[in-house]
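In what follows, a single structure is set out as structure tokens and then discussed.
The values are calculated or read from the model by the stated rules, or taken from the named source; none is laboratory data. Computed from a predicted structure; not experimentally measured. In this analysis, Cβ positions are derived from the backbone assuming ideal geometry, glycine residues included, and neighbour counts consider all displayed protein chains.
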């Protein structure tokens with residue numbers, strides 16, 4: 001690799017090697033490349049822009065600290081999203097433990113999703129349905145629908161099988177279709 | 001269907017019996033139809049679907065149900081503008097704790113800071129003929145010079161931005177600068193391996209006699 005080649009011309013693997021050698025601008029380039037999808041993943045998982053910001057930052061810093069143990073069996077982006085998913089799931093489980101019986105503060109209306117759909121707020125209604133999905137279904141849905149992963153790559157992120165991801169995504173889609181189909 | 005009718009259906013769990021979780025009258029799975037639409041293949045109908053009214057109705061219904069999801073999925077979310085800055089600030093803090101060139105010896109360990117390495121690289125480069133100014137840099141431009149120095153054990157990588165004198169061969173100046181910085185960091189700082197990346201930012205006429213050192 002020529003020394004004068006700029007960072008935005010090289011692959012992630014090369015940048016990862018440079019970061020491992022202690023070269024910080026290489027990690028800056030990795031963050032620049034992956035921040036949009038990582039933030040989208042966090043945002044769709046927690047449905048709160050402020051929390052997604054903090055969680056994305058936490059994931060990116062945690063990834064940097066964990067790079068010495070990154071084996072390279074997955075692509076860097078997949079590995080980063082595995083960390084991000086775990087950070088989000090930890091956060092959501094903590095949130096559920098702290099307030100197990102309280103309504104979601106992000107929920108626009110405590111009543112049935114149908115009220116929001118009728119009021120023309122399909123977007124909010126959809127987000128509420130996604131928030132109410134079990135976490136394993138939410139993870140599969142977010143990766144395959146909002147981040148654009150195949151079942152195979154989502155399975156790599158979630159460390160399960162493609163069939164399991166497909167099953168979870170199918171249940172999530174069915175729940176959405178049932179709820180969103182309540183009005184026509 | 002009216003909203004109240006839809007609500008009645010929903011309460012019975014059968015708001016959309018022809019798609020999700022059900023088998024179509026033709027025997028096909030409603031979940032598979034919904035998956036086909038969700039994966040963006042709603043228009044790619046197989047031979048059966050091309051002639052089956054049940055499948056065609058289900059595909060249309062699935063498309064309607066999935067439209068808000070597809071709309072949300074198509075929305076490009078923009079990360080907060082300060083995300084990169086916040087991440088790198090946090091990492092620099094962590095990195096600073098470990099960023100020393102470590103030189104083990106019989107009577108103790110010597111640690112050379114990234115700041116010291118950056119300073120040696122800069123001053124050495126400025127002494128190279130054909131280099132007018134030199135400073136270590138990062139792509140963000142506003143960071144400390146030591147941020148452009150990577151250290152792992154005794155391995156050093158340094159980014160240098162230089163301005164060369166007009167009329168000098170840039171590749172030759174870059175080669176001389178690289179060799180001089182390599183020699184300085186191995187002999188003065190004790191690094192075992194050194195890599196020097198050089199960015200030529202500008203080319204300026206030779207300075208007049210009497211100007212500051214490093215501005216030839």
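List of remarks:
- Selection count, the range B:194-214, where residues are within 14 Å of another protein chain (Cβ to nearest Cβ) and either in a loop (DSSP other than H, G, I, E, B) or at pLDDT below 80 (or both): 0
- Check on residue B:27, more than 11 Å from chain A (Cβ to nearest Cβ) and at positive phi: yes
- The combined condition, being more than 24 Å from the chain's Cα centre (by Cα), assigned to a helix (DSSP H, G or I), without any contact (Cβ under 8 Å) to a residue 12 or more places away in the chain and more than 14 Å from chain A (Cβ to nearest Cβ), is not fulfilled by residue B:122.
- Top-ranked residue in the range B:30-41 [being on the phi < 0 side of the Ramachandran plot and not in a helix (DSSP H, G or I); ranked as nearest to the other protein chains (Cβ to nearest Cβ)]: B:39
- Residue in the range A:14-32 that is away from every other protein chain (no Cβ under 11 Å), modelled with pLDDT of 85 or more, in a helix (DSSP H, G or I) and within 27 Å of residue A:180 (Cβ to Cβ) present: no
- Some residue of the range B:42-58 being within 14 Å of another protein chain (Cβ to nearest Cβ), touching a helix residue (DSSP H, G or I) at 6+ places or on another chain (Cβ under 9 Å), surrounded by 14 or more Cβ atoms within 10 Å (Cβ to Cβ) and part of a helix (DSSP H, G or I): yes
- Of all residues in the range B:64-95, those being closer than 23 Å to residue A:145 by Cα and either surrounded by fewer than 18 Cβ atoms within 10 Å (Cβ to Cβ) or facing chain A (nearest Cβ under 7 Å) (or both) number 16.
- Leading residue by the ranking (modelled with the lowest pLDDT) among those in the range A:115-132 that are more than 10 Å from every other protein chain (Cβ to nearest Cβ) and surrounded by 20 or more Cβ atoms within 10 Å (Cβ to Cβ): A:116
- Number of the condition not met by residue A:72 [criteria: (1) within 9 Å of chain B (Cβ to nearest Cβ); (2) under 28 Å from residue B:149 (Cα atoms)]: (1)
- Residue list for the range B:168-193, filter: more than 19 Å from residue B:127 (Cβ to Cβ) and either part of a loop (DSSP other than H, G, I, E, B) or touching a residue at least 40 places away in the same chain (Cβ under 8 Å) (or both): B:190, B:192
- Residue identified as surrounded by fewer than 21 Cβ atoms within 10 Å (Cβ to Cβ), modelled with pLDDT of 95 or more and either within 11 Å of another protein chain (Cβ to nearest Cβ) or part of a helix (DSSP H, G or I) (or both) among A:80, A:89: A:89
- Among the residues of the range A:49-77, the ones that are crowded, with 18+ Cβ neighbours inside 10 Å and not in a helix (DSSP H, G or I) come to 0 in all.
- Filtered by the rule that a residue be in contact (Cβ under 8 Å) with a residue 12 or more places away in the chain, more than 30 Å from residue A:46 (Cβ to Cβ) and in a helix (DSSP H, G or I), the range B:77-119 gives B:96, B:114, B:115, B:116, B:117, B:118, B:119.
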